[in-house]
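Below: the structure, in structure tokens.
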Amino acid sequence: MNTLTALLARDELSSAALDALFEAQHRRPGFVRDLLAAFRTLDPEVAWRAVWLLLRVGRASGEMSPEVLRALARRAEEMTHWIARLTLCQLFAQFPCPESSREELFPFLDDCFGDERVIIRAWALTAMYAMKDDERFAVLVERSLAEARLDRKPSMVARIKHLGSARKPPLNPRPKSVSAS
């Protein structure tokens, strides 16, 4: 067990401590690799900590490598803690799953869409939405979207509104400038 995994496995680890850990280490070479190792080996009750830090790394850099996404997709079904499930849905909503790993990830997202917590359902839908043009999942995504439209809870309404604006072109697109030649 590496030092980072041991730290993340502690019984008590506050969000402030996780923030401090992120600030201290997110630029360190090997940090993402160590987080993936922790994700694979930590008990599911605390594995969310590694996922949460990975999401923070992705948001800070604006990208997530396909290798990391594939590794997370392979293990997503094992995540049982609600924070891990929510964070994975948020991560895959921001950084869409590579096409080669979608069949591994989609059952997890579909299961999350059935969660009792509306926030998890809303983020699962957002992550699924990235697969709407994949013929393997298009019908399932549309079915989930139709079901979600019936949910009047604020977080689902907000997600549906966000997804709706993501697929609509601007009403008044600016004309392209024409050069005077």
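Quick check on the exposure proxy: order Ile160, Ile120 from fewest to most C-beta atoms within 10 angstrom.
Neighbour counts put them in this order, fewest first: Ile160, Ile120.
Given +1 on the Cβ of Lys and Arg, -1 on the Cβ of Asp and Glu, and no further charges, what dipole in debye does the chain carry about its Cα centre, rounded to the nearest 20?
About 880 debye.
Which GluC sites (Glu not before Pro) in the range 124-154 pass both tests, a DSSP loop state and at most 15 other beta-carbon atoms within 10 Å?
Here the GluC sites (Glu not before Pro) that fit, given the DSSP loop and packing criteria, are Glu135.
Calculate how steeply helix 66-75 sits against the longest principal axis of the alpha-carbon atoms of the chain, using the helix alpha-carbon long axis, and give the answer as 0 to 90 degrees to the nearest 10.
Taking the Cα atoms of the chain, the angle to 66-75 is about 70 degrees.
Which of the peptides 67-77, 121-131, 6-16 is most tightly packed, and how do the rest follow, judged by the mean count of other Cβ atoms within 10 Å per residue?
121-131, 67-77, 6-16
Under a plain spin-label model, where a point goes 7 Å from the Cα along Cα-to-Cβ, how far apart in nm are Ala20 and Arg149?
5.0
With point charges of +1 on the Cβ of Lys and Arg and -1 on the Cβ of Asp and Glu, referenced to the Cα centre of the chain, which listed residue (Cys112, His81, Ile160) lies farthest in the positive direction of the dipole?
Projecting each Cα onto the dipole axis, the largest value belongs to Ile160.
I'd like the Kirkwood hydrodynamic radius of the chain, using the inverse of the mean 1/r over distinct C-alpha pairs, in Å.
Hydrodynamic radius (Kirkwood, Cα only) of the chain equals 17.6 Å.
Calculate for the chain the 222 nm mean residue ellipticity that helices alone would give, adding -39,500 (n - 2.57) per DSSP H run of length 4 or more and normalising by residue count, nearest 500 deg cm²/dmol.
About -19500 deg cm²/dmol.
Between helix 138-149 and the chain, what is the angle of the helix's C-alpha long axis to the longest principal axis, kept within 0 to 90° and rounded to the nearest 10?
90
Amide H neighbours of Arg117 under 5 Å, counting only residues 5+ apart in sequence or on other chains, H built in-plane at 1.01 Å?
none
If you fit an axis through the alpha-carbon atoms of helix 15-25 and take the longest principal axis of the Cα set of the chain, what angle between them do you get, 0 to 90°, nearest 10?
Value to nearest ten degrees: 90.
Multiplying the sequence separation of Ala158 and Asn2 by 0.36 nm and subtracting their Cα-Cα distance, what value in nm do you get?
52.1 nm
Which of Phe108, Phe31, Phe92 has the fewest other C-beta atoms within 10 Å, and how do the rest follow up to the most?
Ranked by crowding around the Cβ, least crowded first: Phe31, Phe108, Phe92.
Ordered by residue, what ³J(HN,Hα) values in Hz, to whole numbers, does the range 51-58 give under the Karplus form 6.51 cos²θ - 1.76 cosθ + 1.60, where θ = phi - 60° and Gly and Pro are x?
Going residue by residue, I get 5, 4, 5, 4, 4, 4, 4, x Hz, with x marking Gly and Pro.
The numbers here are math on the coordinates, done by the rules we state, and not lab data. Remember, it's a predicted structure, so these values are computed and weren't measured experimentally. Methodologically, a virtual Cβ is constructed for each residue, glycine included, from the backbone with ideal geometry; neighbour enumeration extends over all protein chains shown.
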